[in-house]
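Visitor: Below you will find the structure I want to go over with you.
The values are calculated or read from the model by the stated rules, or taken from the named source; none is laboratory data. Predicted model, so just to flag it, every value in this text is computed and none were measured. For neighbour counting, all protein chains shown are included, and Cβ atoms are generated from backbone atoms with ideal geometry for every residue, glycine included.
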Amino acid sequence: METDARNASLASHIGAIVLTPAGMGWVAPLVTFLMFRERSTLVRHHSVQELNLQITSLLFFLALSAAGFLTFGAAFLLAPLAYIAILVFQILASIAASKGNEYRYPIAIPFLR
């Protein structure tokens with residue numbers, strides 16, 4: 001079960017990375033959470049962390065869009081940098097998941113616990 005838990009945890013992060021450009025990054029961690037939340041605390045932890053990151057990212061990019069209109073587009077220059085930072089954190093979380101370690105996103109607001 002340990003290998004299954006690590007693989008499911010990893011799938012939560014990798015699925016989010018793959019689906020984020022399509023605006024569906026929340027799907028993989030939500031499905032993983034719903035399927036495995038009772039079976040493994042590791043999978044629950046990683047899927048909740050990824051869901052928190054997805055919610056935080058959505059709120060950030062919505063705020064960035066509003067700021068972009070107010071600053072005539074200047075705030076949109078932050079979007080690529082924010083996306084790269086989020087991607088780096090997701091890769092770090094994926095590495096931790098593959099090793100069976102917990103990882104907390106330093107930029108995510110803990111909406112879910």
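Visitor: From the list ARG6, ARG44, pick out the single residue that is touching a residue at least 60 places away in the same chain (Cβ under 8 Å) and surrounded by 13 or more Cβ atoms within 10 Å (Cβ to Cβ).
Guide: ARG6
Visitor: Evaluate region 100-108: report whether one residue or more is surrounded by fewer than 17 Cβ atoms within 10 Å (Cβ to Cβ) and outside any loop (DSSP other than H, G, I, E, B).
Guide: Scanning region 100-108, I find no residue that is surrounded by fewer than 17 Cβ atoms within 10 Å (Cβ to Cβ) and outside any loop (DSSP other than H, G, I, E, B), so the answer is no.
Visitor: Test ALA63 against the stated conditions and say whether it is of a type in the set (A, V, I, L, M, F, W, C) and over 13 Å from the mean Cα position of the chain (by Cα).
Guide: Criteria met by ALA63.
Visitor: Within region 15-55, how many residues turn out to be at positive phi and among the aromatic types (Phe, Trp, Tyr)?
Guide: Summing the residues that are at positive phi and among the aromatic types (Phe, Trp, Tyr) in region 15-55 gives 0.
Visitor: Which pairs turn up if I take residues in region 58-79 that are under 24 Å from PRO110 (Cα atoms) and look for partners that are loosely packed, with under 11 Cβ neighbours inside 10 Å with beta carbon separation below 9 Å, at least 6 apart in sequence or on another chain?
Guide: Short answer, once both residue conditions are applied: ALA67/ALA74.
Visitor: Okay, moving on. Please name all residue pairs, on different chains or six or more residues apart, with Cβ atoms under 6 Å, provided the first residue is in region 100-113 and is within 14 Å of ARG44 (Cβ to Cβ) and β-branched (Val, Ile, Thr) and the second residue is at pLDDT below 95 and assigned to a loop (DSSP other than H, G, I, E, B).
Guide: none
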